[in-house]
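The values are calculated or read from the model by the stated rules, or taken from the named source; none is laboratory data. The model shown is predicted, which means the values in this text are computed figures rather than measured ones. A quick note on method: Cβ atoms are made from the backbone with ideal geometry, for glycine too, and the neighbour counts reach across all protein chains shown.
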Amino acid sequence: MLGDRRGRPYVMVAAILILASLACNSLIVSSAPPAAPLPTLPLAPTAAPVSLTPPAPVVLDPVAEQQLYIDLYNRVNPAVVSIRVLHAQGVELSLGSGFVIDNDGHIVTNHHVVEGGDNFEVDFSNGLKVPGQLLGSDPTADLAVIKVNVASDQLTAVPFGDSDRVQVGQRVIAIGNPFGLSGTMTIGIVSGLDRILESNVTAPGGGSFSAPDIIQTDAAINPGNSGGPLLNLNGEVIGVNKAIESETGVNSGIGFSIASNTVKKIVPALIAEGKYTYPYLGVSSLDDLTLAQIEALNLPRTTGVYVTGVMSGGPADQAGVRAGSRPTPIDGLLGGGDLIIAIDGREVKTFSEMLGYLVNNTSVGQTVTLTVLRDGGSLEIPVTLGARP
């Protein structure tokens, strides 16, 4: 974790149970202009030969690019804060980052930054230091909201972008307080999408619930960056920085951020109720089956969500979703389970894709339709999501 707590690194693991969401209706709507669309190129004549010559590289104006970063930093950095987490005795427990999301003084950060704290000091880039009140936190998604009493004309809020539009290779910027160095800006690209990370929340029957829809980036993220924003070039928040994958505890080119659309679903509930209630499907799966496992299970395709377990009495169990029960040549791998290939008509290729859909698009009590392959046929199974135990 990156709230500068020692000895508690994040580890990427396969998830166990499905989560999901609440409607979001109260976060900032971006006012930044959309990026200009690329020009449409005319189609080449049918008879034209195929050229094997690679396209000429695009040369950016370095001065204009530099000014873009400078302007973005000057616009966004006033919204980024340093958060000192203290015990009741005044001993500093951790140091992390956060950012202002509205003129009411709501600040988003990570759950692991504020965890165990009794008092919270919020330091702004202009030197202002104020106490903060913890309104709520969610350990599964690793999100928390702190409230400060500061006049609205002294606050700069940063808007959210649409993380569904984020693409691998896209340039991103992180601003935070690594190692206590306030207002540090780093630049990188989106390295991967739809990652999942294990949370510290224990699931029924063992294992842990998982946070889906995680953005992977090579922008330098280090202890103290936790809770800070990951931004696109419009200065919109597309993720909340939360963890690194590292054997040394410092950046090694793999960082993770909670996608903004997930944040926009969870934060309003933290503000209003202090917690977030996840809808519950009640299945377990392996996120990445090997070819040998696929062959042992005799699956008709290599993509989809193979159901390895169904929680007894849960929504999926009541709806008739089937888990593997027959021995296979691979020890511990049971065949005959359902292969989920779509949810509400939307194709899902991996467990993390389905998790992300449920978190961002469903609510407790909502009925979703799973398309599953079973015994050579296709079934449509409606499942009414419950509240996660």
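Details
- Residue match in the range 275-286 (condition: free of Cβ contacts under 8 Å to residues at least 12 places away in the same chain and either under 30 Å from PHE160 (Cα atoms) or out of contact with any strand residue (DSSP E or B) (no Cβ under 7 Å at 6 or more places or on another chain) (or both)): no
- Hits in the range 102-127 - residues which are closer than 22 Å to ALA269 by Cβ and touching a helix residue (DSSP H, G or I) at 6+ places or on another chain (Cβ under 7 Å): ASN103, HIS106, VAL108, PHE120
- If you go through the range 299-328 and pick out every residue that is under 19 Å from GLU347 (Cβ atoms), of a type outside the set (A, V, I, L, M) and under 27 Å from the mean Cα position of the chain (by Cα), you end up with 4.
- Top-ranked residue of the range 176-193 - restricted to ones that are buried (at least 20 other Cβ atoms within 10 Å of the Cβ) and either within 22 Å of ALA211 (Cβ to Cβ) or under 15 Å from the mean Cα position of the chain (by Cα) (or both), ranked as modelled with the lowest pLDDT: PRO178
- Residues satisfying the stated conditions in the range 86-105, i.e. of a type outside the set (D, E, K, R) and within 22 Å of MET185 (Cα to Cα): SER94, LEU95, GLY96, SER97, GLY98, PHE99, VAL100, ILE101
- Just one residue in the set ASP123, ASP118, ASP102, ASP138 is touching a residue at least 60 places away in the same chain (Cβ under 8 Å), surrounded by fewer than 19 Cβ atoms within 10 Å (Cβ to Cβ) and outside the structural domain of ILE215 (by TED's automatic domain parsing); that residue is ASP102.
- Residues considered: VAL383, VAL372, VAL359. Of these, the only one that is touching a helix residue (DSSP H, G or I) at 6+ places or on another chain (Cβ under 8 Å), at pLDDT 95 or above and β-branched (Val, Ile, Thr) is VAL383.
- As a summary of the residue check, ILE221 satisfies the conditions (1) modelled with pLDDT under 95; (2) closer than 30 Å to GLU121 by Cβ; (3) surrounded by fewer than 19 Cβ atoms within 10 Å (Cβ to Cβ) except for the one numbered (3).
- Here VAL263 does not qualify as in the same structural domain as THR362 (by TED's automatic domain parsing) and not polar (S, T, N, Q).
- You will find that of GLY188, GLY192, GLY183, the residue that is small (Gly, Ala, Ser) and touching a Lys or Arg at 6+ places or on another chain (Cβ under 9 Å) is GLY188 and no other.
- Residue ranges of strands (runs of 3 or more DSSP E) in the range 113-171 with at least 1 members at negative phi and more than 24 Å from the chain's Cα centre (by Cα): 119-123, 129-138
- Taken together, GLN133, GLN154, GLN89 contain a single residue that is at pLDDT 95 or above, surrounded by fewer than 19 Cβ atoms within 10 Å (Cβ to Cβ) and more than 19 Å from ILE175 (Cα to Cα), which is GLN133.
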